[in-house]
Amino acid sequence: MSRPMNGISYAFFPDGDRARLLDRRMRGDLASSLGYLHESIAAQWDEDLSSISHLAEEMRRGAIYPPSTFGLYYELSNALLADQRDEAMSLVNELAGERPLPDERVAVLALDALPTEQIICRYQRLMDTDPNEPFRIRSVSNEQAVGFADRFHRSQQRLRRVMPALADEFEALTRQIVLAVADENCATEFAGGSCYMLWGALLLNGDAHNGDVKLIEAIAHEGAHSLLFGFTSDEPLVLNNASELYASPLRDDPRPMDGIFHATYVSARMHWAMSQLLNSGVLDRQEKVEAQAARDADLQHFKSGYDIVMKEGRLTETGEAILASAAAYMSSEH
């Protein structure tokens, strides 16, 4: 099954047109949800907030709002559900200050370069999703961010020459690359991360990903997570309870089945990207060594994750279709 009822293909290989369709759908859903929130606030607290309806209308007209707008929506929804009027109205005022992005290029910036302290704290909070292993981050310097941005754009140009479909897909799904490092009190090191509540944002370790091979692998890795978030807006990937933990192919600590599924699919996407690099004829000797090592690791990670998901996972129809597409690719390679 590669084409579900919603008309968006689950086929494994990168597709820029599909990514743009996913992005439009996510933004259209946000506009509709904001309209619903406006009605709920009016009914619940007799507040007529034209700022929210204006924001929703701008989205319907095609304005591209930043990931922070999605984060504000989710936090406002939670405040309404908890009947926290003061918190909700504070978030409404923040929403009124949100502005469309000036263009559709991928912005690379330090965490501290986000527009307000509230937005910085929101990104830190929403990226910290595991209560069993707190994820504390701090910003890189502006100088580090400039250097990373130069490296990213060079790698992206190389990626576009070798894998134009992946470059196209990544640019359609990503609005911001936010650079940070682990806080000195954080026991967990990280390479990157993303959160469905910050659609369009990727968090990357500003001290990592040295060299084109590692950076392209990171693009394939984090972009695949974003793709899965877009795929699963209608239903989840798995039905396993989040309290059920299993061995992860990419993490030392046990993870929920949804995380195992993500890691398995992501490993296949990274395997594909490294294969494309190795077959491109553009790598020097050291880069070939790096790409081959990464590709071999990706294969083992996929096998490990796939075995766990097939044995323990309770997959939805969406999850089955997505995993089958990745498994078909891996079977064709091995």
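Using DSSP to call loops (not H, G, I, E or B), can you name the trypsin sites (Lys or Arg not before Pro) in segment 82-122 whose Cβ has at most 14 other Cβ atoms within 10 angstrom? Of the trypsin sites (Lys or Arg not before Pro), the ones in loops of segment 82-122 whose Cβ has at most 14 other Cβ atoms within 10 Å are Arg105.
For segment 168-246, the set of GluC sites (Glu not before Pro) satisfying both a DSSP loop assignment and a count of at most 16 other C-beta atoms within 10 Å is given as Glu184, Glu189, Glu244. Between Asp112 and Asp83, the FRET efficiency estimated from the beta carbon spacing at R0 = 51 angstrom works out to 0.90. Residues Phe12, Phe135, Phe261, ranked from the fewest to the most other C-beta atoms within 10 Å, line up as Phe135, Phe12, Phe261. Here Thr174, Thr232, Thr264 are placed in order of increasing Cβ neighbour count within 10 Å, fewest first, which gives Thr232, Thr174, Thr264.
By the beta-carbon count within 10 Å of each Cβ, the least crowded to most crowded order of Arg18, Arg255, fewest first, is Arg18, Arg255.
Taking all Cα pairs closer than 8 Å and separated by 6 or more residues, the relative contact order of segment 20-59 comes to 47 percent.
Magnitude of the charge dipole for segment 82-203, about its Cα centre and with charges confined to Cβ atoms of Lys, Arg (+1) and Asp, Glu (-1), is about 580 debye.
Extension gain, Arg24 to Ala297, is 94.8 nm, computed as 0.36 nm per intervening residue step minus the present C-alpha separation.
Would you please classify the overall shape of segment 58-213 from the alpha carbon gyration tensor, given that a ≥ b ≥ c denote the square roots of the eigenvalues, rounded means a/c under 1.5, and beyond that prolate means a/b larger than b/c while oblate covers the rest? Oblate. Computed from label points 7 Å out along Cα-Cβ, the spacing between Glu143 and Ser50 is 4.9 nm.
Distance between the modelled labels on Val282 and Glu184, one decimal in nanometres: 4.1 nm (7 Å Cα→Cβ projection). Straightening the chain between Glu235 and Gln157 buys 24.6 nm, computed as 0.36 nm per residue apart minus the Cα-Cα spacing.
For Leu91, the shell of other residues with beta-carbons less than 12 Å away shows a net charge of -3, using +1 for Lys and Arg and -1 for Asp and Glu.
Which parts of segment 280-322 would a label at Phe13 reach, counting a residue when its backbone N lies under 13 Å from a point 7 Å out along Cα-to-Cβ? From segment 280-322, the list is empty.
If a helix is a whole DSSP H run, which ones in the chain reach 24 Å or further along their own axis (Cα) and hold a mean Kyte-Doolittle hydropathy of at least -0.5? The answer, listed by residue number, is 212-231, 257-280, 317-333.
One decimal place: the segment Ser32-Arg60 gains 9.2 nm when fully extended, by the rule 0.36 nm per residue minus the C-alpha distance.
Throughout, read-outs are computed from the coordinates displayed, never taken from laboratory work. Because the structure is predicted, anything quoted here is derived from the model rather than measured. Neighbour counts are summed over all protein chains in view; Cβ atoms, including those assigned to glycine, are modelled from backbone coordinates with ideal geometry.
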